[in-house]
1. Under a crude label model (7 Å from the Cα following the beta-carbon direction), how far is Ala13 from Arg333 in nanometres?
2. Given charges of +1 on the Cβ of Lys and Arg and -1 on the Cβ of Asp and Glu, with all other atoms neutral, how large is the dipole of the chain about its Cα centre, in debye to the nearest 20?
3. What range in the chain is the longest one free of GluC sites (Glu not before Pro) that are in a loop by DSSP and have at most 11 other Cβ atoms within 10 angstrom?
4. With the Cα gyration tensor of segment 389-444 giving a ≥ b ≥ c as the square roots of its eigenvalues, does the rule (a/c under 1.5 for rounded; else a/b larger than b/c for prolate; else oblate) give rounded, prolate or oblate?
5. Per residue, how big is the convex hull of segment 380-508 when only Cα atoms are used? Give it in Å³.
6. Considering Cα pairs under 8 angstrom that are at least six residues apart, work out the relative contact order of segment 444-555 and quote it in whole percent.
7. Net charge near Lys196: determine it from the other residues with C-beta under 13 Å of the C-beta of Lys196, scoring Lys and Arg +1 and Asp and Glu -1.
8. Just the Kirkwood number for segment 419-571, please: inverse of mean 1/r across all distinct Cα pairs, in Å, one decimal.
Amino acid sequence: MNAPERVGALDVALQRWALRRSGSAALSRAIGLAVAAEADGHACVRLGADINLGELAIHPWVGDGSELKPCVLTASGDFFLWRNWRHEQRIAAEVAARIGAAHALDSEALQADLDLLHAGMDPQHAAGQRLAVQSAMGKKLFVLSGGPGTGKTSTVLRLLLMLQRHGAHQGEIRIALAAPTGKAAQRLSQALREGKQALAASLADRGEGWAAALKAIPENAQTLHRLLGFQPQNDRFRFDRDQRLPHQIVVIDEASMVDLALMRASFDALADEATLILLGDPDQLVSVSAGSVLADLVSAAAAEPALGSHHAQLSHVWRAGGTLARIYAAIRRGAASELQSLLAADAEQNWYPTDDPAALARQLQRWLARPEWPALQAQLTRADVDPHQAFAEMRQLQLLCALRSGRYGATELNAWIDAQRRQQLGGALWYPGRPVLIRHNDYGRRLYNGDVGLTLPIGGELRVCFESLDADGALSLRTLSPRELPEHELAYALTIHQAQGSEYGHVAVLLPPDAGSRILSRQLLYTGVSRAKRSVEIWSSAASLQAALNQLSLRAGGLRERLTHAQDGPL
């Protein structure tokens, strides 16, 4: 990334501190720019001609990365804070070591089991899944990428079965399932549970060996922080290079959301003999914090054959066929004319020009008239309300915003929809169906940032209900009084970032009408649209939609180059 156009209070404060301590105006400026770049998700900043690189290179705070110094300056002018340089260095070293530990694995028994696991599936469409499973055998690291509905979870389920039957691990195999967020972990658990049920039926007459292997696959995914044993009191993890995870296989879903620091911590905690499987969609939004590890791995795999043999990409869409799948593909390619044609040709997919506040108001009124609202209300007014069914109905409809604040942001839209709903339902602040989103982790109440609750009439009073996974992986329900809730906000509208890792039946994606908005990018639009399982609509100006398709957001850093061209360095 080139030098950022904006700076914040932290950047300025660190610049002043660095100037006082180092005596170098060039270094203090470079540190301020690096901090600003990191806030935007970049691992480094490309310094401009206004900074004397020669002066930086000889400063005692700056090194070439071969020894611990606060900052690293490369020959090309990329300036890193040490922590990000070290994260990239450790990840690249771990990837190289795991590639080096791979061994070929093929046999008649393996091929026979692959035939069995993919029996009954369209051979042409299942070929990608079968090849992915076969390619992963004998690997200590495997990356499985693909868009929504391409069968990543069903493929990894078959892979876990094959690793138990043909892998190098002996005896009882401990498998860990993780994802960056609670919502993503819950989705992974549900998908694996459903997949196991379907496979159990097809393998019912294949002997106890298959049944035992299938039963041994856990269904209870957890957040990556929980798996690593995050200790908030000292900001470190229980499992690290000194105390490794006791698992032979670790699966991380939604890996595009994992930043440099967390991915480095995950690699550090893995036992040397363990197998790591990363699942994700590299075209989605990357992590909020610095880095784009999954995208870097996939990009490097396309250029480096050794790494390429540890990656498989699924392309056939099983879940969202027809127009919706083609919409996903058009956005990934930035094909504006194709996207417009698709949205115009299908009655279930729409683009609504939203150029000004009046147009936005019209879309909101139409949104509240959609048929999903009466279906949800019917569940809420039942005498024996089923909370899980109410949650299922709530997930049939979701408004997603590019922005959090402002006229086109989630906060203001939530307030408007809430006012309309209160007016419809009697005027009380709390009413059945009021959705909330938890803002910060509350370990005492077992509520975490991003958890969505739904207000329901239970036991003669209004309670805010949260779905969660119990110790056995089953979906359970916890309820709190509205007065007990920690910091929260409404969830009628979510930001696209907040919705990442979730799925909804019908989705509306709202972009700000200003084509110059810095938030717009192809990844943002794709992530929002790909939350839809059934149908989608886009609210935007023509200019902002085009701007989003044109802007491909890339994170600055050195990991992709490290992975493509092996570099020696201290571990």
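The values are calculated or read from the model by the stated rules, or taken from the named source; none is laboratory data. Quick caveat: nothing in here was measured; it's all calculated off a predicted structure. No Cβ is skipped: glycine too gets one built from the backbone with ideal geometry, and neighbour counts run over all protein chains shown. Surface accessibility is based on the protein's heavy atoms, side chains included, excluding ligands, DNA and RNA. Shrake-Rupley method; radii C 1.70, N 1.55, O 1.52, S 1.80 Å.
1. For the pair Ala13/Arg333, the computed spacing is 4.9 nm.
2. On the way: 58 positive and 59 negative charges, 154 e Å.
Once rounded to the nearest 20, the dipole reads 740 debye.
3. Details: sites that count: Glu5, Glu67, Glu172, Glu273, Glu487.
The reported range is 274-486.
4. Working: a/c = 1.36, a/b = 1.05, b/c = 1.30.
Judged from the Cα gyration tensor, segment 389-444 comes out rounded (a/c under 1.5).
5. Values: hull volume 15.8 nm³, N = 129.
In segment 380-508, the Cα convex hull volume per residue is 122 Å³.
6. Working: 143 pairs, mean separation 22.9, N = 112.
20 percent.
7. On the way: positive: Arg158, Arg193, Lys215; negative: Glu194, Glu219.
After counting each charged neighbour, the total is +1.
8. Numbers: mean 1/r = 0.0530 Å⁻¹.
Its Kirkwood hydrodynamic radius stands at 18.9 Å.
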